[in-house]
Each structure stands twice: as C-alpha cells, then as structure tokens.
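Heads up: the structure comes next, in structure tokens.
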Amino acid sequence: MSKYFANIVELPPDPLFGLKARFTQDSRDNKVDLGIGAYRDNNGKPWILPAVKLAEKKLVAKPDYNHEYLGISGYQPFLTESAKVILGPDSPAILHDRVISQQSLSGTGALHLAGKFLKDFYTVDGLNSKAPASVPIYLSKPTWANHNQIFQSLGYEIKSYPYWNNDTKTLDIDGFLQAIRDAPTGSIFLLHACAHNPTGLDPTADQWKQILKEISINNHLPLFDSAYQGFASGNLDKDNFAVRLAIEDENLKVPIVICQSFAKNVGMYGERVGAIHVIVKEKNPTLNRAIRSQLNKLIRSEISNPPAYGAKVVAEILTDKTLRAQWEEDLTTMSSRIIKMRKSLRELLISYKTPGNWDHIVNQTGMFSFTGLTPEMVARLEKTHGVYLVSSGRASVAGLNDGNVEQVAKAFDEVVRYYKPKL
Ligand code: LMR
C-alpha cells in the first residue's frame, strides 16, 4: 500500500459506533436505535439527570470554580466518594486504608490502565515468581466487544470462560466454574460487577459465592468491570453485591482491581468519568504509595492528568445530601422505565404469538437484552424496519419507549416469522 505503511489495512467500522453512524444517516422518520447502551427518556431523547443539572449549577456558581489542571491522581473528593459508592461507605478496605484510587477516562480508560498496570507489576503468588507474570486474562463468552480489543492491544493472551447458554438462555454456571478450576494459577478473571453486557444476565447471590470461592481456591485475580451500578436494580448497594462479597472474603488472598465508570449511572457518557481502585490485602502504606506512583506515571505518560469537569460534577452529587438523594431517585427513574419496557415488549410478543419463548427479556437485567435474534434477523430489522441493534442480537432496552415499543415488537415478530428459527 505504501513504502512507509506496508502492512497497514483498513479495518471495518467499530460494531457499535459504526451502527450509530448508519443510524444517523438513515432518513426514515420511524427509525429506532437499540444499539449503543445509552439511556433515552420516554421520548427517545438523551436525558440529563436532574441531579446533574443541579450539580452543574452549583458547581459553576462557586467563587473558586476554574478549569485548572487536576493533580495526576485526579479530583480527590471524586476519588474518595467513588470508592465509597462501589465498596460501600463502611467497607473494611476503606477503613483499613487498603484502597488505592486513580481517576481514569471512564471505564475503558480504567480497564486499559488496569491491564497495563497488571502486565507491568503483577507477580503471581504461588508461582513464587518475582517477575511480572505472563498470565492470561479470562473474559466471559460473550463479553463487551471492547474488552477483547483493550487486552489484545496490551499483548495479553485472551481466553474465555463459558457464560451464556444459548439453548436455555441461562448462565452456564458449571462451565464457568470449570474454567476457573482449569485456568493457570493466578490468571486474571474479568467479572462484570452487575448488569452483564451484552447478556443482561447476572449470577445469583449463591452463584457469585461459588464463583468467588473457586477464584480464591485457585488464586486468581478478580478484575471487576463496574459500568452499570444502579442500572440492574435501581439500588447502588444491591448492585455492588459481588464486589463487596469479594472484598469481604477472608479466603481471597489476592489483590482485587475494580474499574468503575460513571458514564451510564450519572449519564455523563461523553465526559469520561471513571476510576480504577486497586484493593490490596494488607495495610501497607509503602506499597500503597508505590502503586499510586506507578498509576500516576502511566496516567502522566498517556493523558498527563485526568479531565476535571465530569469528576467535579459527580463529586458534587456524591458529597451533597440533596443531590445524592436526587441521583438515587434518578437511578430508580431510569431502571424502572427500562423494566417497564422489558415487560411491554414481552407482552406484545406474546400477544402476537411470536414463535419462541420471550421470558428472558424480563428476566434479564440492566440496560441490555440478549434477545436471541440471529444476525440475519438483526440485518433484516435494520434494512426493512429501521430498527437498529448489534448483530449479536443485543438490544439496548433504554431505546424503547411507549411510542415505539409496538413498532419494535411488530418488527421482531416479522423477522422471527421470516426466518422461522427454533428460538
Ligand atoms: C455499549 O456497550 O453499548 C456501551 O458500553 C458503549 C460503548 O462504549 O461500547
């Protein structure tokens, strides 16, 4: 192609952002976007959370409001409060000073930072190794597409653990547990803290206990991706159950890393608000300082220092009682509207006698439904009906509203009958 870029090839568009571009170009009035996981109100419009509007007002009215650089770790009130959101305010890890927090470019930035940090410094106990381990990372099958790209770009060996049983549309817990047992000691297991993307299927409390027990027996490192706290149940404390269980598990001897995003639950998608929290097992101020300094170095070399605006808005919400209460109400507004849409879609499909069982739509949780529609059906939905979802059949339920759910249900019905699959 070029003497200087001899090996370069053009890649296909990103599945999600490519879909967004096709949707934008579609001139049909009745098109429906069930692609990217972004909340929409009942009119199909982006929603600025009332808590965010109030926080922004309060923030800009402060006499010392400015756009100066933050420190490299990020905005301290945001870091302190975000750790409390994911770990719980009374977390033993916080009380015993075992948490090292670094602000990141939302969840993706946190995952990249976690991957790089672990690649450089994680030495696997049990292998008696002093050198950074070359351990594989295990991702759920399926998982958010970007997980693969992030860890591939860092040179990880990527493996998968069974998760979704397509026949039963339930969690393949036996396959999951077996993969944990079979993985080399000290492997990294990427776990979706709640509202699994793309399936919307979370382990039960009992299943989480089994998963974490096997992880601890086999000395693996849990890496939590928490991008939807508050979206599964509407309640922050319910949705961090798995993380708290891991933190409070005395048998788990390894560090825990949490990648936290506020893109969805505060609706600050483009502002890139997030954090990485490294939880060590013992109080050790020297180790804490070393970890912090290395995370700082990575941030400094990549983005110099984290973006300030979104973190300040979120910190305002988390530190002001009234704003915090408003945010919790906003979470309920979003999660309950999504639950309502799940019910409407299922009921409509049942009323049309659409072939197949549609219970999974209401049993799944969070922003997404893994509909079971095949790639051909998804392609036909887009072409014939102007209904956009990713080819895996994942639908962002937040894109449904009272005005379009019937149209979407009819479109689902048509494509299912067209291909007459065994669903
Ligand atoms: C999604 O899965 O739709 C979101 O997490 C948006 C993204 O960045 O992929």
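The values are calculated or read from the model by the stated rules, or taken from the named source; none is laboratory data. Model, not experiment: these values are computed from the prediction. Here the Cβ is made from the backbone with ideal geometry for all residues, glycine too, and neighbour counts use every protein chain on show. For accessibility, only protein heavy atoms count, side chains too; no ligands or nucleic acids. Shrake-Rupley method; radii C 1.70, N 1.55, O 1.52, S 1.80 Å.
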Thinking of the range 1-54 as a set of Cα atoms, what percent of all their pairs are more than 16 Å apart?
-> 63 percent
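When a/c is below 1.5 the answer is rounded, else prolate if a/b is larger than b/c, else oblate, so apply that to the range 223-324 with a ≥ b ≥ c taken from the square roots of the Cα gyration tensor eigenvalues.
Values: a/c = 1.97, a/b = 1.12, b/c = 1.76.
It comes out oblate by the Cα gyration axes.
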Please identify every one of the GluC sites (Glu not before Pro) in the range 6-82 that sits in a loop by DSSP and has no more than 15 other beta carbons within 10 Å of its own beta carbon.
-> Glu10, Glu68
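Which net charge results when you count Lys and Arg as +1 and Asp and Glu as -1 among the other residues whose beta-carbon is under 10 Å from that of Phe231?
Values: positive: Lys264; negative: Asp239.
Residues close to Phe231 contribute a combined charge of 0.
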The range 285-393 - Debye-derived log10 I(q)/I(0), Cα point model, q = 0.16 Å⁻¹ = -0.89
On the full set of protein chains, 1.4 Å probe, figure out the accessible area of Lys213 and give it in Å² to the nearest 10.
-> 130 Å²
Working note, the range 13-147: Cα radius of gyration (Å, one decimal) and Dmax (Å, whole number) are 20.8, 63
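Can you work out the FRET efficiency for the pair Glu68 and Ile8, with r the C-beta to C-beta distance and R0 = 60 Å, to the nearest 0.05? Intermediate values should be presented prior to the final figure.
Numbers: r = 39 Å, r/R0 = 0.66.
FRET efficiency, Glu68 to Ile8: 0.95.
Once you wrap a convex hull around the alpha carbon atoms of the chain, what is its projected area averaged over all directions, in nm²? Present the calculation step by step, with values, prior to reporting the outcome.
On the way: hull surface 91.0 nm².
Directional mean of the projected Cα hull area for the chain stands at 22.7 nm².
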Debye-sum result for the range 1-91 in log10 I(q)/I(0), which assumes one identical scatterer on each alpha carbon, at q = 0.19, 0.20, 0.21 Å⁻¹ = -1.04, -1.06, -1.10
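Run the numbers on the range 285-423 and let me know its relative contact order in percent, using alpha-carbon pairs under 8 Å that are six or more apart. It would help to have the intermediate numbers written out before the result.
Numbers: 115 pairs, mean separation 32.4, N = 139.
23 percent.
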Within the range 329-396, trypsin sites (Lys or Arg not before Pro) in DSSP loop having at most 13 other beta-carbon neighbours inside 10 Å = Lys353
Using a 1.4 Å probe on the protein chains only, how many percent of the accessible area of the chain belongs to carbon and sulfur?
-> 52 percent
Cβ-defined net charge surrounding Arg28, 14 Å radius [Lys, Arg +1; Asp, Glu -1] | -1
Calculated P(r) tail over 27 Å for the range 69-319, as whole % of Cα pairs | 30 percent
Tell me, what HN-Hα J-couplings in whole Hz come from the Karplus equation 6.51 cos²θ - 1.76 cosθ + 1.60 at θ = phi - 60° for each residue of the range 36-48, using x for Gly and Pro?
-> 4, x, 9, 5, 10, 7, 6, 9, x, 9, x, 10, 7
Under a cut-off of 17 Å between alpha-carbon atoms, report the lysines in cross-link reach of Lys53, not counting same-chain residues fewer than 8 places apart.
-> Lys45, Lys62, Lys264, Lys312, Lys321
Shape call for the range 54-100, from the Cα gyration tensor axes a ≥ b ≥ c (a/c under 1.5 means rounded, otherwise prolate when a/b beats b/c, else oblate), comes out oblate
Determine, for each peptide in 410-416, 137-143, the mean count of other beta carbons within 10 angstrom over its residues, then list the peptides with the highest first.
-> 137-143, 410-416
When the chain is modelled as a GNM with alpha-carbon springs shorter than 10 Å, which of Thr108, Thr365, Thr374 fluctuates the most?
-> Thr374
Which listed pairs, of Lys213/Lys340; Lys141/Lys213; Lys169/Lys353; Lys159/Lys420; Lys169/Lys410, have C-alpha distances above 26 Å, in listed order | Lys213/Lys340; Lys159/Lys420
For the chain, set up a Gaussian network in which alpha carbons nearer than 10 Å are linked by springs, and say which option among Leu389, Leu16, Leu345 fluctuates the most.
-> Leu16
Among Asp330, Asp202, Asp97, determine the one that fluctuates most according to a GNM of the chain built with springs between C-alpha atoms less than 10 Å apart.
-> Asp97
When ranked by the protection proxy of mean other Cβ atoms within 10 Å per residue, highest first, what sequence do the peptides 258-264, 279-285 form?
-> 258-264, 279-285
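Please compute the net charge surrounding Leu171, taking Lys and Arg as +1 and Asp and Glu as -1 over other residues with Cβ under 15 Å from its Cβ. Display every interim value, and only then the final one.
Values: positive: Lys141, Lys169, Lys209; negative: Asp167, Asp172, Asp174, Asp202, Asp206, Glu214, Asp359.
Net charge in that neighbourhood comes out at -4.
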